[in-house]
Amino acid sequence: MKIPFTASARTAMLIGTENFSNPEGAIIELVKNTYDADSPCCYILFDGNDGQITEIYIIDYGSGMDISTIQDCWMQIGTDDKQRNVETGNGRIKSGAKGIGRFALNRLGSMATMLTRKDGQDAFIWNVNWNDFDAPGKKINEVMADLDVVELEEIQRCLSRLAIRFNVFLPEFSLGTILKISNLADIWEEDAIKHLFSSLQDLVPPFNIPAFQLYLYVSGSNDYGKIEAKQYEDFDYKVSAKYENSVLKVDVQRNELDINALQSEYRGLFDMENMKQFPYRLEDFEKEIYHIEMPLGELNGLRKSQLLADYGAKLGAFQFDFYFIKGSKSDINSEKSDAKYPYRQFSPTHRRLWLKKNLGVKIYRDKFRVRPYGENGDDWLHLGDRYSQNPIGAGQRMGGYHIRQNQIVGAVEISRLHNIYLQDKSGREGLQENDVFGLFKEVLLGIINIMEKDRNTVMYNLSLLYDKNHPKEDAKKQADKAQKAGEYTQANYNALSQGYTVVKQELEDKEEEVRLLRNLASTGLIITSFSHELNNLSIQTKSRYDNMLYALNLVTSIDNVKKLGLKDYQNPYEVIKTQKNYDEQVRSWLEFSINSISKDKRLRKSIHLKSYFELFKKTWMTVMNELNIDFDVKGFSDDMQIKAFVIDFDTIFNNLISNSIYAIKVKKSTINRKIRIDGKLEDEYLSIIISDSGKGLDKQYQNNPSVIFNAFESSRCNKNGEKIGTGLGLYIVKATINEYKGSSVQVLYQAEGFAIKIMFKI
């Protein structure tokens, strides 16, 4: 005798509760169904009054259902339709497979209505009361749903009402499915809807946006709309890896270092032995992205992998994309022109906020999230353990450098078709931890190591270059190591002795610097005290020409002098005219000097940059015209402002312009004499580039341009070859800029002339 199994009607309630523990997961399951239906889009509408959500609509424009599909698939629990028909008509890989997705409706609310139409078929309305399944003693086949034919026009009228209600555009309906859930099981507060919106952003991979658009709207609110995949451009590295047909293809994009600085101040990096081969050459950095291909067996960490030997044939195709993002700058000198690592400017605050929201490596199967991987930064690749075993910085030594788990945002894309050995756990949360999955993780870590090796090589060689260009710093570092070692060996004694000598010399240099700056400060005080007299002198020069001309006209006239046929230097009228030009130049410099030390310039205030540089240009134009220099200032808009000391800006730009004028005069060319100041906003920074067509950077500085900012460093010489410059102008420029936190200055590489870029943190 054989007895058939039966199922209580309560089974449906249990399926909904057990498989969809929260309402958010239920909505995501229904969204996946719209994707499986080949819909180009999905609309999620939360409707209610007085801040209370009472109804949820999920609308798609996919294939829809006819009566046979409703009866044989939709109404059949555990249907194997998606297992037998894995691909949709448009080639999508279906995300569901267990045939229980419709019970997500039960999890959301007790009443459900469905409007659906398949192309060329009647439209149907389907209704169910999930409370009917909770009746005592009832079998599941005793519970009925209502199914009736409905006019297409009625569905269109329903969508029109919703479009007006939500003040949104809804495409015209001809086929697809509309779900309405009411008598909701949960209270949908604002925070819950915001969290759902964020989760839906995570639902699709952040790197490759599929041809499927999601929208979420709440009645009476303008805070929602199209759900975009989370993209980010402020990264240090981006790696895109694709594995198929036993070949791994990887694209590495560098974005951490300032390419202008590498081209100019750090060119010596590419003379180092480890930087002469692909992908570490200057031309490789200038391309930003480099490409490599290899079999898995050549990937670091897999050359002796037993898992690869045993299960390599079972590993299917996948795509792995990730960002490496530092949350802060580890180099304390990174803001300075002579920094060890020439980092590109970024906002640590913005980075940390973005990382907090998106941290972790997530897995997507057929375009949808597989939880819990990457959830709340879940470290399923054990990057934290890996780092803690060898926590060295990228620039400390070669080999062993690993990124931390809080520095990576990534997405792995797999498919049911190609990754048949990566199966769901029985609870639908996560993948089975089998040997293929273990190999899968090894491969992903090997891909991450490509980026780690790249960064390690670059940063370590930058560190070596810094020590080479800063022998004093290296001597102090070695002395510090010797002191910490506590062993009185000859080598340690020598290191300590050299370190002492360096520190002693630095103290002497600082004392000399202090003496000079004290002298300059005293001179400044004297000039300030005589500013009134200087101002009077400037005023007096204006009338001197007229007085001399008046006196001359008392005894003769310009016509009488012309009759004498005198040369210009003998003609009193021409001599007075020449003297007038000299007076105007002197007066211009006096006015400039007096203006520079005015009291209001020594107060920190909001500087309107357009006005400042218009006045700055006007101040210098007399000199520029005299020297036949084309001087132009551009890029400063009406809304560009910065809080700073005006006197600091005067100090910076007057020094730089003075240097540019000198460089142009030394070049001795009478054509193409140009000085430019270009300003623009770059994120949170004010970028100002000062360039000229002068003689350019002296050869002695070309391998290490940052040296020009050192105190007393000068290449100015007189006709006899004797040094005449103080070497303080650019030193003062850099010191002044460094007073503004987060700001920096660097020399830009260019074929002719000279250029400096200043970045002020706004």
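The values are calculated or read from the model by the stated rules, or taken from the named source; none is laboratory data. Values in this document were obtained by computation on a predicted structure and should not be read as measured data. All Cβ positions, glycine included, derive from the backbone under ideal geometry; neighbour counts span all protein chains shown.
Could you grab me the full set of residues in region 636-669 that are surrounded by 17 or more Cβ atoms within 10 Å (Cβ to Cβ) and part of a loop (DSSP other than H, G, I, E, B)?
Those that are surrounded by 17 or more Cβ atoms within 10 Å (Cβ to Cβ) and part of a loop (DSSP other than H, G, I, E, B): PHE636, MET640.
Pairs under 7 Å by beta carbon, first residue assigned by TED's automatic domain parsing to the domain that holds VAL747 and of a type in the set (S, T, N, Q) in region 239-266, partner crowded, with 22+ Cβ neighbours inside 10 Å and not in a loop (DSSP other than H, G, I, E, B), six or more apart or different chains?
Going by the 7 Å Cβ cut-off, there are no qualifying pairs.
Quick one: which of ASN274, ASN260 is at pLDDT below 85, outside any loop (DSSP other than H, G, I, E, B) and surrounded by fewer than 20 Cβ atoms within 10 Å (Cβ to Cβ)?
ASN260
Name, by its number, the condition in (1) assigned to a helix (DSSP H, G or I); (2) surrounded by fewer than 17 Cβ atoms within 10 Å (Cβ to Cβ) that does not hold for GLY400.
Result: GLY400 fails condition (1) only.
Against the definition (over 21 Å from ASP321 (Cα atoms) and out of contact with any His (no Cβ under 7 Å at 6 or more places or on another chain)), how does GLY400 come out, yes or no?
Against the criterion (over 21 Å from ASP321 (Cα atoms) and out of contact with any His (no Cβ under 7 Å at 6 or more places or on another chain)), GLY400 qualifies.
For region 108-207, list the strands (runs of 3 or more DSSP E) that sit wholly inside it and hold at least 2 residues that are charged (D, E, K, R); which are they?
Where strands (runs of 3 or more DSSP E) fall fully within region 108-207 and carry at least 2 residues being charged (D, E, K, R), they are 146-150.
When the residues of region 670-682 are narrowed to those that are exposed (fewer than 12 other Cβ atoms within 10 Å of the Cβ) and in a loop (DSSP other than H, G, I, E, B), which ends up modelled with the highest pLDDT?
So, considering only residues that are exposed (fewer than 12 other Cβ atoms within 10 Å of the Cβ) and in a loop (DSSP other than H, G, I, E, B), the one modelled with the highest pLDDT is ASN672.
Within region 232-247, how many residues are surrounded by 17 or more Cβ atoms within 10 Å (Cβ to Cβ) and either in contact with a Pro (Cβ under 7 Å, 6 or more places away or on another chain) or among the hydroxyl-bearing types (Ser, Thr, Tyr) (or both)?
3
List every residue pair whose Cβ atoms lie under 6 Å apart, where the two residues are 6 or more positions apart in sequence or sit on different chains, the first residue falls within region 385-413 and is of a type in the set (Gly, Ala, Ser), and the second residue, located anywhere, is loosely packed, with under 13 Cβ neighbours inside 10 Å.
GLY400/ASN390
Looking only at region 357-385, count every residue that is under 19 Å from GLU433 (Cα atoms), in a loop (DSSP other than H, G, I, E, B) and aliphatic (A, V, I, L, M) and tell me the total.
Within region 357-385, residues that are under 19 Å from GLU433 (Cα atoms), in a loop (DSSP other than H, G, I, E, B) and aliphatic (A, V, I, L, M) number 1.
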